[in-house]
Amino acid sequence: MAPVHGQDARATTRANRIPFTVWLGLALLLLCEALLFTDVTASHRGALRSQRAFDALIQPHTPLQKLARWVATNMTPLAWLGYVVFTEGVLAMQVSGSPVRRRPHHFACLCLISIFIWCVFDFINFYFINAWYYAGVPMVFLDRFWGYLLAFGAVVPGMLMSGQMLMNAGWFDWARSGNWRMPRWLKWAALAAGVGMIAWPILSHDPASNYTLWLSLIFLLDPINLKLGRPSMFRDWQNGWYGRTLAACAGGLICGFLWEFWNFWATAKWIYTLPFLGATLKYHYFEMPVVGLLGFIPFGMECWVMWQTLRIPLDGLAEPLPDERTLL
């Protein structure tokens, strides 16, 4: 057999070696799940859905029970951290390598911007529509502040890294067509639609505006990104490339399934108030009404579009523009 040289050799070596972060992330996830199960069984509880249930929680006594309760309280930031670490290891095994290791400062900026992005959605929710609320969070601000930073900082990286894994694996290579030109009026129509979609929750204070919240900033910001020569979903579509869009949507849906799973038995969690869903409310995937899972699909794309807009100051300085097969 002929020897393998250069980039092919590095790719082969990378594929044959499981990075430490795969094991570290997996170990953190399994440990969190084991301790969460310990808290559930020791306190004889199920999922908590009311303040009375939170107030009635049996207090832990043994060191193991106290550790398990701490993990149950901080399940969201700990599990999300474990998933991001695990995903980084999977990306490192793929031929293109880990974007986190290639550009750690870039990834740090993504995590910081992720905090801002999620705070935008929380701001709209808590001040205008009240479609979800947090329950059971620690009373002392410093006790919950680190959890906010860790969890919010993992939202966008988790989705984009998940989508990048699938795109690297070639799942969406088929999603191509011929080039076409988007009419100018359609770009202006998208921009106008984005303004209307983001205005609805702010002006109406109606929880039903969730229908547009998770689409609004795609329509509002992507035409701007396109006009400024930024990476843009609209540009991808005109170039006949839909793989990046599908990868971002898949990343949002994957993380939605995982986040709702980890949230369900936690003792600090979010709970939905979506009365406009009517009879469909009785069909749940853990805490989330099943129909609500559809919102995670555009959410991954929306966060990618926001990330491309917010990183404008980095591009043209130390940061090159990503190519068409890059989400991060």
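The values are calculated or read from the model by the stated rules, or taken from the named source; none is laboratory data. Everything numeric in this text was worked out from a predicted model, so none of it was measured. We place every Cβ from the backbone using ideal geometry, glycine too, and count neighbours over all the protein chains shown. The protein model used for the area step is the full one, side chains on, heavy atoms only, and it has no ligands, DNA or RNA in it. Shrake-Rupley method; radii C 1.70, N 1.55, O 1.52, S 1.80 Å.
Assuming charge only on the beta carbon of Lys and Arg (+1) and of Asp and Glu (-1), the dipole of the chain about its Cα centre is about 320 debye to the nearest 20. Close amide H contacts of residue 284 (hydrogens built in the peptide plane, cut-off under 5 Å, sequence separation of 5 or more or a different chain): 290. Computed from point charges on the beta carbon alone (+1 for Lys and Arg, -1 for Asp and Glu), the dipole magnitude for region 180-284 about its Cα centre is near 380 Debye.
Near residue 39, within a Cβ-to-Cβ distance under 9 Å, what is the net charge of the other residues, with Lys and Arg +1 and Asp and Glu -1?
Residues close to residue 39 contribute a combined charge of +2.
The 3J(HN,Hα) values that the Karplus relation (6.51, -1.76, 1.60; θ = phi - 60°) gives for region 211-216 are, in residue order, 4, 9, 4, 7, 10, 4 Hz. Gly and Pro appear as x. Ranking 327, 308, 280 by Cα position along the charge dipole of region 268-328, where only Lys, Arg, Asp and Glu carry charges on their C-beta atoms, puts 280 farthest toward the positive end.
What is the magnitude of the charge dipole of region 92-202 about its Cα centre, with +1 placed on the Cβ of each Lys and Arg, -1 on the Cβ of each Asp and Glu, and no other charges, expressed in debye to the nearest 20?
For region 92-202, the charge dipole is close to 520 debye.
In the P(r) worked out for region 169-328, what percent of Cα pairs fall beyond 19 Å? Summing the P(r) of region 169-328 above 19 Å gives 62 percent of all pairs. Karplus-based coupling profile of region 81-98, in residue order and whole Hz: 4, x, 5, 5, 5, 4, 5, 4, x, 5, 4, 5, 7, 7, 4, 6, x, 8, with θ = phi - 60° in 6.51 cos²θ - 1.76 cosθ + 1.60 and x standing for Gly or Pro. Along the axis of the charge dipole computed for the chain (Cβ charges of +1 for Lys and Arg, -1 for Asp and Glu, origin at the Cα centre), the listed residues 48, 228, 250 are led at the positive end by 228. With θ taken as phi - 60° and the Karplus curve 6.51 cos²θ - 1.76 cosθ + 1.60 applied, the whole-hertz 3J(HN,Hα) list for region 302-310 is 4, 5, 5, 4, 4, 4, 5, 6, 6 Hz, x standing for glycine and proline.
In the assembled protein chains, residue 33 presents an accessible area of approximately 60 Å² (probe radius 1.4 Å).
Measuring from a point 7 Å past the Cα of residue 126 along Cα-to-C-beta, which residues in region 68-87 have an amide N at less than 20 Å? From region 68-87, the list is 73-78. For region 46-179, the residue among 127, 169, 68 whose Cα projects farthest onto the positive side of the dipole built from Cβ charges is 68.
Near residue 253: Cβ cut-off under 14 Å, other residues only, Lys/Arg at +1 and Asp/Glu at -1. The net charge is -2.
For residue 94 and residue 290, calculate 0.36 nm times their separation in residues minus their Cα-Cα distance, and state this gained length in nm to one decimal.
Going from the current span to full extension adds 67.3 nm.
Could you pull out every one of the lysines with an alpha carbon less than 30 Å from that of residue 66, ignoring same-chain neighbours closer than 8 positions? Residue 66 reaches 269. Please return the longest stretch of the chain lacking exposed loop sites, where trypsin sites (Lys or Arg not before Pro) count only if DSSP places them in a loop and at most 13 other Cβ atoms lie within 10 Å. So the longest stretch without any such site is 182-328.
Of the solvent-accessible surface of region 53-187, computed with a 1.4 Å probe and all protein chains present, 71% belongs to carbon and sulfur.
The sum of -39500 (n - 2.57) across all DSSP H runs of n ≥ 4, divided by the residue count of the chain, sets its helix-only mean residue ellipticity at 222 nm to -20500 deg cm²/dmol.
Under 16 Å between alpha carbons, and skipping anything fewer than 8 positions from residue 227 in its own chain: which aspartates and glutamates qualify? Qualifying aspartates and glutamates at Cα under 16 Å: 236, 315.
For residue 241, which sequence-distant residues (separation of 5 or more, or a different chain) have an amide H within less than 5 Å of its own amide H, given hydrogens modelled in the peptide plane? The list, which skips near neighbours in sequence, is 177.
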